[in-house]
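Every read-out reported here was derived from the displayed coordinates using simple, explicitly stated rules and does not represent laboratory data. As the structure is a computational prediction, the values presented were derived from the model and not from experiment. Cβ atoms come from the backbone with ideal geometry, glycine included; neighbour counts cover every protein chain shown.
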Amino acid sequence: MPVPSTSHTQSFLDHLRFVKRYSAHTLTSYEKDLSDFCRFVHDQYEEADLLQVRPAMIRTWLASLKDAGMESRTISRKISALKSLYKYLRKEGLADSNPMATIVTPKLNKRLPMFVEEGQMQVLFDHLEFPNNWTGLTQRLLFRLLYETGMRRAELIGLKESSIDVYQGQIKVLGKGSKERIIPMNPDLMKALKAYITEKHTSFPGADQSCLLVNRDGKKLSPGFVYQTVKKYLSAITTIEQRSPHILRHTFATHLMNSGADLNAVKELLGHSSLASTQVYTHNHIEKLKEVYKRAHPKA
């Protein structure tokens with residue numbers, strides 16, 4: 001069945017891809033959300049033009065999602081996609097009105113970011129054994145990079161050898177929207193990176209030199225390899241529900257905050273565009289302080 005208003009949605013998605021530089025994952029989510037909505041109004045109202053959509057149609061769609069048991073967080077994401085679409089259409093002069101103007105996003109329960117305890121991370125690096133081969137060497141290093149720099153999985157995979165500045169002891173990361181940021185590294189991690197690159201040039205003379213981390217075939221790591229590596233080793237040290245590469249990013253930020261790091265500094269290290277995105281880690285910090293108080297104060 002054809003999806004209506006393809007030209008408008010495609011123009012919008014191209015804008016997000018080439019101008020806003022949204023990630024492939026976000027683009028896929030937006031495309032699915034918009035496709036689902038377009039199909040709904042086409043099936044329910046025989047409406048094939050997004051510019052003719054009325055607020056009542058949108059509310060009916062959202063109600064159908066809620067009746068189907070969809071989580072509020074997912075519905076909120078779909079609302080965000082539609083709001084962004086109509087904002088774009090208005091800005092480009094393609095729409096005279098915005099049917100999303102009266103649509104209210106449901107309130108979400110705040111969820112504290114999950115993270116791995118410091119002692120558990122210490123166990124991982126000090127006691128867990130990685131295979132004594134190239135795969136094991138790569139797995140251990142990717143763990144260190146994710147935990148000690150807080151970078152995202154896509155940023156890790158996109159690292160180049162030229163990203164490493166051995167003289168300044170820092171690494172250049174290409175983040176969301178193609179924004180670059182500089183992250184300092186401790187001498188021990190820098191030493192491990194230099195040794196890894198030297199070994200790579202020896203063992204894989206034909207490897208893709210543009211990639212910092214490569215698999216046993218000398219090729220760039222896949223997202224699945226990184227995810228499965230993190231899930232496997234975190235499963236050995238923690239029982240938290242989520243055991244993904246992004247949890248190591250949360251762990252990096254939470255451990256910094258618990259050690260007294262400045263919030264703005266953490267924001268810059270994570271590459272957040274807004275301080276509001278970073279403030280969520282202050283809640284974990286407060287919870288940590290409460291635990292210390294309960295354990296240490298005689299009147300707690």
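Would you mind checking the tilt of helix 24-45 against the longest principal axis of the Cα atoms of the chain, expressed as 0 to 90 degrees and rounded to 10?
Here the helix axis deviates by roughly 20 degrees.
Under the definition of Cα pairs under 8 Å and six or more residues apart, what whole-number percent is the relative contact order of the chain?
Relative contact order comes out at 17 percent.
List residues of the stretch 50-65, by number, whose backbone nitrogen lies under 15 Å from a label position 7 Å along Cα→C-beta of Asp96.
Answer for this model: 50-54.
For Ser203 and His25 in one chain, what is 0.36 nm times their gap in residues minus the Cα-Cα distance, to one decimal in nm?
60.8 nm
With the crude spin-label approximation of a point 7 Å out along Cα→Cβ, what separation in nm comes out for Gln52 versus Lys176?
Each label point is offset 7 Å from its Cα along the Cβ direction, giving 3.6 nm.
What angle, in degrees between 0 and 90 and rounded to the nearest 10, separates the Cα long axis of helix 6-18 from the longest principal axis of the Cα atoms of the chain?
The answer is roughly 30 degrees.
What's the FRET efficiency of Asp14 with Asn264 using the Cβ-Cβ distance as r and R₀ = 41 Å, to the nearest 0.05?
0.75
Using only Cα atoms and rounding to the nearest 10 degrees, what angle (0 to 90) does helix 72-91 make with the longest principal axis of the chain?
Result, in degrees: 70.
Along Cα→Cβ, 7 Å out, is where each label goes; now give me the distance between the ones at Asn215 and Lys294 in nm to one decimal.
The two pseudo-label positions are separated by 4.4 nm.
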